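Novice: Please read through the structure below; I'll follow up with questions.
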Amino acid sequence: MFEWFKRQKENIKVLSISMGIIIPLVSIAFSGIQYIEANKRLTKQKSFENYHIVIGRIGGGEKSDIFVAAANIFELRNYPEYRDVSIRILEHMVKIWTGKDDVLTKEIILTKQYLESLR
């Protein structure tokens with residue numbers, strides 16, 4: 001048995017060096033993947049929070065500055081992952097605000113058309 005180890009001395013040396021390199025690389029790769037996944041979850045959560053801030057700013061409608069509401073309606077284009085709910089909200093807004101302000105109505109229609117084109 002010891003003879004086998006003596007004959008395999010070079011192979012064992014290469015194997016141990018290889019393992020000394022491979023194990024840390026696998027560990028680093030795993031840590032990198034975990035970091036990327038955590039970063040994706042954080043980005044998705046931040047996008048969700050920002051989307052709801054934009055929706056909240058629009059919610060004032062007639063009571064808030066109409067140009068701020070129009071700008072926030074335009075901002076909905078930056079959240080394509082929420083396009084279905086955004087389209088439903090915009091359809092409801094058109095029914096409520098049509099004819100009350102051309103700037104707001106025009107932006108609602110343009111944003112709705114843009115979001116529908118993403119389907």
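Novice: Grab every C-alpha pair in the range 2-117, bin the distances at 5 angstrom width from 0 up to the longest one, and report whole percents.
Specialist: 2, 10, 15, 13, 9, 6, 5, 5, 5, 4, 4, 4, 4, 4, 3, 3, 2, 1, 0
Novice: Relative to the longest principal axis of the C-alpha atoms of the chain, give the angle of the C-alpha long axis of helix 102-117, reported between 0 and 90° and rounded to the nearest 10°.
Specialist: 40
Novice: Oh, and also: Go ahead and run the numbers for FRET between residue 96 and residue 23, Cβ-Cβ distance against an R0 of 41 Å, rounding to 0.05.
Specialist: With R0 = 41 Å, the Cβ-Cβ based efficiency is 0.05.
Novice: For the chain, take the longest principal axis of its alpha carbons; what is the angle in degrees between that and the long axis of helix 83-97, to the nearest 10 within 0 to 90?
Specialist: 10
Novice: Something else now. In debye, nearest 20, what is the charge dipole magnitude of the chain about its Cα centre with +1 on Lys and Arg Cβ and -1 on Asp and Glu Cβ, if you could check?
Specialist: 560
Novice: Here's another thing I want to ask about it. Between 89, 16, 2, whose Cα lies farthest towards the positive end of the dipole of the chain when Lys and Arg beta carbons carry +1 and Asp and Glu beta carbons carry -1, centred on the Cα centre?
Specialist: 2
Novice: Still on this structure, please answer the following. Can you give the translational diffusion coefficient of the range 69-119 in µm²/s, computed by Stokes-Einstein from the Kirkwood radius over Cα pairs at 20 °C and 1.002 mPa s?
Specialist: My calculation gives 201 µm²/s for D.
Novice: Kindly express, to the nearest 10 degrees and within the range 0 to 90, the angle between helix 66-75's C-alpha long axis and the longest C-alpha principal axis of the chain.
Specialist: Result, in degrees: 30.
Novice: Now, a different point. Summing -39500 (n - 2.57) over the DSSP H runs of n ≥ 4 in the chain and dividing by its residue number, what mean residue ellipticity at 222 nm do you reach, to the nearest 500 deg cm²/dmol?
Specialist: Taken over the chain, the calculation gives -28000 deg cm²/dmol.
Novice: Please tell me the relative contact order of the range 2-117 in percent, rounded to the nearest whole number, where contacts are Cα pairs under 8 Å and at least six residues apart.
Specialist: Computed over the range 2-117, the figure is 21 percent.
Any read-out appearing in this document is the output of simple, stated calculations on the displayed coordinates, not a laboratory observation. This one's a predicted model, so the numbers in the text were calculated from it and none came from an experiment. For neighbour counting, all protein chains shown are included, and Cβ atoms are generated from backbone atoms with ideal geometry for every residue, glycine included.
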